[in-house]
Amino acid sequence: MYSVTYHRASSVADAVKLVKKGEDAKFLSGGMTLLPAMKTRLAAPSDLVDLCHIADMKGIKVSGKNVTIGAGTTHGEVASNEKLKAVCAAFSDLAAHIGDPAVRHKGTIGGSIANNDPAADYPAALIALDATVVTNKREIAAAKFFTGLFETALKDDEIVTAVKFTAPAKAGYEKFRNPASRYAMTGVFVAKGKDDVRVAVTGAGEDGVFRSKEIEAALSKKFDASALEGVTVPAKNLMADIHASSDYRAALVVVMAKRAVAKANG
Amino acid sequence: MGVEGIGARVARKEDRRFITGAGRYVDDMVVPGMKHAAFVRSPYAHADIKKIDVKAAEAMPGVIGVLTGKQLKGDGIGNLICGWMIHSKDGSPMKMGAWSPLAVDRVRYVGDAVAIVVAETKGQARDAAEAVEVVYKEKKAVTDAVQALKKGAPQLHPEAENNLIFDWEIGDAKATDEAIAKAAHVTKVHIVNNRLIPNAMEPRAALGHYNKAEDHYTCWTTSQNPHVARLVMSAFYNVAPENKLRVIAPDVGGGFGSKIYIYPEEIVCLWASKRTGVPVKWVADRTESFLTDAHGRDHVSEVQLALDKNNKVIGLKVDTIANLGAYMSLFSSSVPTYLYATLLSGQYDIPAIHANVRTVYTNTAPVDAYRGAGRPEACYLIERTMETAARELGMSPAEFRRINFITQFPHQTPVIMNYDTGDFGASLNAAMKEADYAGFPKRREAAKKRGKLRGIGFSCYIEACGIAPSKAVGSLGAGVGLWESAEVRVNAVGTIEVLTGSHSHGQGHETTFAQLVNQRLGVPIDSVSIVHGDTDKVQMGMGTYGSRSGAVGMSAISKALDKVEAKAKKIAAHLMEADEADIVIENGELKVAGTDKSLPWFQVALASYTAHNLPDGMEPGLKETAFYDPSNFTFPAGCYICEVEIDPDTGVTEIVQFVAADDFGNIINPMIVEGQVHGGVAQGIGQALLEGCRYDADSGQLVTASYMDYTMPRADDLPSFKVSTSNTPCPGNPLGMKGCGEAGAIGSPPAVMNAITDAIGDNDLTMPATPLKVWASLKAMTRH
Ligand SMILES: Cc1cc2nc3c(=O)[nH]c(=O)nc-3n(C[C@H](O)[C@H](O)[C@H](O)COP(=O)(O)OP(=O)(O)OC[C@H]3O[C@@H](n4cnc5c(N)ncnc54)[C@H](O)[C@@H]3O)c2cc1C
């Protein structure tokens, strides 16, 4: 790790002030992505502005079907929140299967989506749930928020403060883990809302998370795994690496979608 | 069996310290004035070094010194060596290319060390290492051994034309060709044994300390054999004469072979300590471990198995190409030769065998022994081939093996080894029973109903442990003898220290060796301390690898105990005015047989040191040394049966059952033996399903250089193992032990692959059988 100056922010405004002071300052949430990158010298911020102690960014509110999750909420808290489980168990279930207990105890939803790793889980949920990302400056629709591999609509001094969504009638998430990293090698979140079905795929797309038209069309007709028999998705624009070819990922998208629907239907 | 003696299931004494984080590893060692080192490493797989400029680095904060290969050479530090001479079949010696501890004018793999920076802190050393300017001229690289042998391939060492290190053979080519010519059936198989990266939990580390006042060096290092390290560093690298060099290997967190060898870093830290005047510590980070620890395996072979009309094996012909990486590591030449081809007969009576082995330089990390070392490669080859032959013949794989088993012992194979004892049928029967082999067809049907493909696979392995008779290995090219030493020091109050040349880095010697002493002298194991890992404390010894610490290391202790016992009996006889021949040692007492006369152990020990009343002419004290040189290898063997279920939608393999029935000879501590089997099988399953080192063919970059891409086995990849032993005591050593440290890693990969290929019906699948490969194979077959 290169040497770095640490600052603890007491409020969102304080964090913005602090981040502007540093030459190449970065926000720090759970550090589960940023710190390993710094340890291996792949990231070298001059300053870290720690967001973990900002009370406003923490906690989960559920009123009716409306869910608001503070950006500083850990995966572990998302996984175990009873009110959230009651309205959208798939979301908690997703959080419960991120990394390992240590990662879930530290890593945050804000950090995960700000990072937008193409193999991260939350982006699929946010897209399929048509969620809104709340920042210190504005509200951004999830579809506009994730712009590419490790790319988001965030400006340098923009902080994700919360994520909002309306719980759908039914939802389910299933992922195939990369054998080595155990991140999502293909993860599919399906959500059946009042009038549409949305299906988002993570871990597979060359440009990060995307919606699968083919699967949405099939599931819109019948929200059941059987509707996906014979359905294929194009391998074009899917990632290929030593763990999975794009053909294999294309096949996994359909298999994971089937399993996600089965879960959603209970 | 006493509660703590041979055969007792005693919990490991050392575990309290390890699992409470109180172990003391090289990185825990602190010497006054100690500073920190970082290595400048090649980012290229193959390049000429045009220029090294250290000025900017020297000016960085905290920097004490920046040293390069030129200075190292100037100070007369020698090149690294391979200590086992192999001759090609044309009689020429192996072609050893120069391996300078710091590269001088050329780098040959990504991670090759180029310079060392010593600074006040580790961070400063790393910062300055990045500031060392090395001008490289990149050359074409080759990472695959088969490609490296081809015409026009990039050349690594001027000494080795066509990158060929040696072209060696064993066995009878003519007899084998004749067997193939007259065979009723010939099974042909192409075998790939994947390259593995060791991944010991503790990364390699070295702390070099030159004491100017005494003109003496101390090296703390992560070594499986500190005495060998000292010998090699003084005899070949000119670091210091042996009497001025102390090597300490304290607690070491796993080795699996990778910590046998002498690497550049420990030599350079010692040298740099003298150069800079400060003690120099280096600890590898995980990336350095991936890049520079000696890798394992990496063989490609063509196999022909000749069968007569009764389905008896009459010949085996093997042509192997082995990748040794960019430089020849310390024992690299022995692994694909004498540790490999001598085991190709497996458990079978094969009248004619011939193996040809070519070893090759490539732009990859050096390859050397890794848990099993050559024997996993042999076992995988013969067991995949036997399974394939059984399938081609339409025979039960168990029956086909059974009719070809060796049943008479001793048995001389056509490839040097003389198997002393064994009962292969017994292990096969035990495994088949435990696995409910008869019930398999039903289980397969049930799986099919659930949409799963179920398969079963055998592996009847044999390996050679207890390395090794010094005279024999000397005649085969070894630069060292492979005996072991022990000293048993009885203290005046009867407590005991055992100084052993073996080294424990996870094996549990502090417990098992004490159990042996308890068995012999009745002293509680808490009163027995095992001392190892320090060349200033312990007499010359050869260290731990090749499952030798029981069969060889404990045999040395047993010999020393014989002497201690003999002297103690003399003293007891004298004190109790009895005949020496009537003295027996029982439950911590020396008794006169057939009487009620006895003396407690501690009184005899005390008498030896007070020396007030010893037999005439007897020297005081009770301390004995022994060197034990084995008369033969030992031959652990067994049968493993693996059962898998495959999800055809995803290609995921689940191991639903794994049975291991082993013959390890006599067992000191069944719990430790089971632990060794569990760990070995986990490693073997890792090789079969998960682990595969990958270099980029063009750039020579290591693609699997972190846990993000290199898949280590995790608990949830593994079933609950069913392990058992049925043992035939080894006649060759006093304790009847064979060794159990590597069996699991040797025997399991073919069992897993035989099961998967049985399930999916594609025999060409290679390790690791990742979900991607299994899925692609199933998809290709449904297309046809
Ligand atoms: C072993 C391991 C396994 C993992 N497995 C998975 C997995 O299976 N699935 C998965 O999805 N993830 C996985 N992760 C990643 C984990 O979920 C991280 O917690 C997450 O990606 C980042 O969250 P964080 O709070 O740790 O953010 P940090 O690491 O602190 O920050 C990440 C990035 O986001 C920026 N940032 C942080 N917070 C904010 C904010 N509020 N506003 C704007 N920018 C911000 C930081 O500046 C940084 O660039 C794993 C991580 C590890 C170490």
Worksheet item: Could you say whether any residue in region B:560-582 is in contact (Cβ under 8 Å) with a residue 40 or more places away in the chain and more than 17 Å from B:LEU622 (Cα to Cα)?
Response: no
Discussion item. Just to be sure I understand, how many residues within region B:714-728 are surrounded by 15 or more Cβ atoms within 10 Å (Cβ to Cβ) and more than 10 Å from every other protein chain (Cβ to nearest Cβ)?
Written reply: 9
Worksheet item: Restricting to strands (runs of 3 or more DSSP E) lying wholly in region B:247-364: which have 1 or more residues that are touching a residue at least 24 places away in the same chain (Cβ under 8 Å) and farther than 26 Å from B:MET34 by Cα?
Response: B:296-307, B:313-325, B:353-361
Item to complete: Considering each of B:PRO734, B:PRO768, B:PRO729 in turn, give the residue that is touching a residue at least 40 places away in the same chain (Cβ under 8 Å) and either in contact with a Leu (Cβ under 6 Å, 6 or more places away or on another chain) or part of a helix (DSSP H, G or I) (or both).
Response: B:PRO768
Response to the item:
All-but-one check, B:VAL318 against (1) surrounded by 23 or more Cβ atoms within 10 Å (Cβ to Cβ); (2) farther than 20 Å from B:VAL415 by Cα, failing number (2)
Fill in: Only one of B:PRO750, B:PRO771 that is at pLDDT 95 or above and within 14 Å of chain A (Cβ to nearest Cβ)
B:PRO771
Practice prompt. Could you please let me know if B:TYR461 is of a type in the set (Phe, Trp, Tyr) and open to solvent by less than 20 Å² (accessible area, probe 1.4 Å)?
Written response: yes
Worksheet item: Taking the condition out of contact with any Asp or Glu (no Cβ under 8 Å at 6 or more places or on another chain) and farther than 27 Å from B:TRP220 by Cβ, does B:ARG9 pass?
Response: yes
Worksheet item: Out of curiosity, is A:VAL188 away from chain B (no Cβ under 12 Å), touching a Lys or Arg at 6+ places or on another chain (Cβ under 9 Å), of a type outside the set (Ser, Thr, Tyr) and surrounded by 24 or more Cβ atoms within 10 Å (Cβ to Cβ)?
Response: yes
Worksheet, complete the sentence: From the option list B:THR634, B:THR653, single residue qualifying as within 14 Å of chain A (Cβ to nearest Cβ) and buried (at least 20 other Cβ atoms within 10 Å of the Cβ) is B:THR653
Worksheet item: Taking region A:3-24, which residues are open to solvent by less than 60 Å² (accessible area, probe 1.4 Å) and closer than 26 Å to B:ASP285 by Cα?
Response: A:VAL4
Worksheet item: Do we find that A:ILE215 is away from the ligand (no atom under 14 Å from the Cβ) and buried (at least 23 other Cβ atoms within 10 Å of the Cβ) in this structure?
Response: yes
Practice prompt. Please give the number of the condition B:PRO250 fails out of (1) more than 21 Å from B:VAL118 (Cβ to Cβ); (2) buried (at least 24 other Cβ atoms within 10 Å of the Cβ).
Written response: (2)
Discussion item. When you check B:ASP716 against the structure, is it outside any loop (DSSP other than H, G, I, E, B), more than 25 Å from B:ASN518 (Cβ to Cβ) and without any contact (Cβ under 8 Å) to a residue 24 or more places away in the chain, yes or no?
Written reply: yes
Worksheet item: Which residues, taken from region B:219-244, are free of Cβ contacts under 8 Å to residues at least 40 places away in the same chain and surrounded by 20 or more Cβ atoms within 10 Å (Cβ to Cβ)?
Response: B:ALA229, B:MET233, B:ALA240
Discussion item. Take A:GLY193 and tell me if it is surrounded by 19 or more Cβ atoms within 10 Å (Cβ to Cβ), closer than 25 Å to A:ILE113 by Cα, away from chain B (no Cβ under 14 Å) and in contact with a Pro (Cβ under 8 Å, 6 or more places away or on another chain).
Written reply: no
Worksheet entry | Residue within region B:41-62 that is farther than 30 Å from B:TYR695 by Cα, open to solvent by less than 10 Å² (accessible area, probe 1.4 Å) and at pLDDT 95 or above present | yes
Worksheet entry | Test result for A:VAL199, at pLDDT 95 or above and either within 14 Å of another protein chain (Cβ to nearest Cβ) or open to solvent by 10 Å² or more (accessible area, probe 1.4 Å) (or both) | no
Practice prompt. Please state which one of B:PRO336, B:PRO351 is under 19 Å from B:PRO750 (Cα atoms), assigned by TED's automatic domain parsing to the domain that holds B:SER748 and modelled with pLDDT of 95 or more.
Written response: B:PRO336
Response to the item:
Over region A:135-159, the set of residues within 12 Å of the ligand (Cβ to nearest atom), in contact (Cβ under 8 Å) with a residue 60 or more places away in the chain and under 21 Å from A:HIS75 (Cα atoms) is A:ILE159
Discussion item. Restricting to region B:321-343, give me the number of residues that are more than 21 Å from B:GLY466 (Cβ to Cβ) and open to solvent by 10 Å² or more (accessible area, probe 1.4 Å).
Written reply: 1
Worksheet item: Mind checking which residues of region A:165-192 are outside any strand (DSSP E or B) and within 13 Å of the ligand (Cβ to nearest atom)?
Response: A:ASN178, A:PRO179, A:ALA180, A:SER181, A:ARG182, A:TYR183
Worksheet item: within 11 Å of the ligand (Cβ to nearest atom), among the aliphatic types (A, V, I, L, M) and not in a strand (DSSP E or B), is that true of A:ALA162?
Response: no
Worksheet item: For residues in region A:51-71 being more than 13 Å from the chain's Cα centre (by Cα) and open to solvent by less than 10 Å² (accessible area, probe 1.4 Å), which is nearest to the ligand (Cβ to nearest atom)?
Response: A:MET57
Item to complete: Would you list the strands (runs of 3 or more DSSP E) that sit entirely within region B:617-694 and hold 2 or more residues that are out of contact with any helix residue (DSSP H, G or I) (no Cβ under 7 Å at 6 or more places or on another chain) and in the same structural domain as B:GLY741 (by TED's automatic domain parsing)?
Response: B:652-663
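The values are calculated or read from the model by the stated rules, or taken from the named source; none is laboratory data. Since we're looking at a predicted model, the values are computed, not measured. Counting neighbours? That spans all protein chains shown, and the Cβs are built from the backbone with ideal geometry, glycine included. Remember, those area values only see protein heavy atoms, side chains included, never the ligands or the DNA or RNA. Shrake-Rupley method; radii C 1.70, N 1.55, O 1.52, S 1.80 Å.
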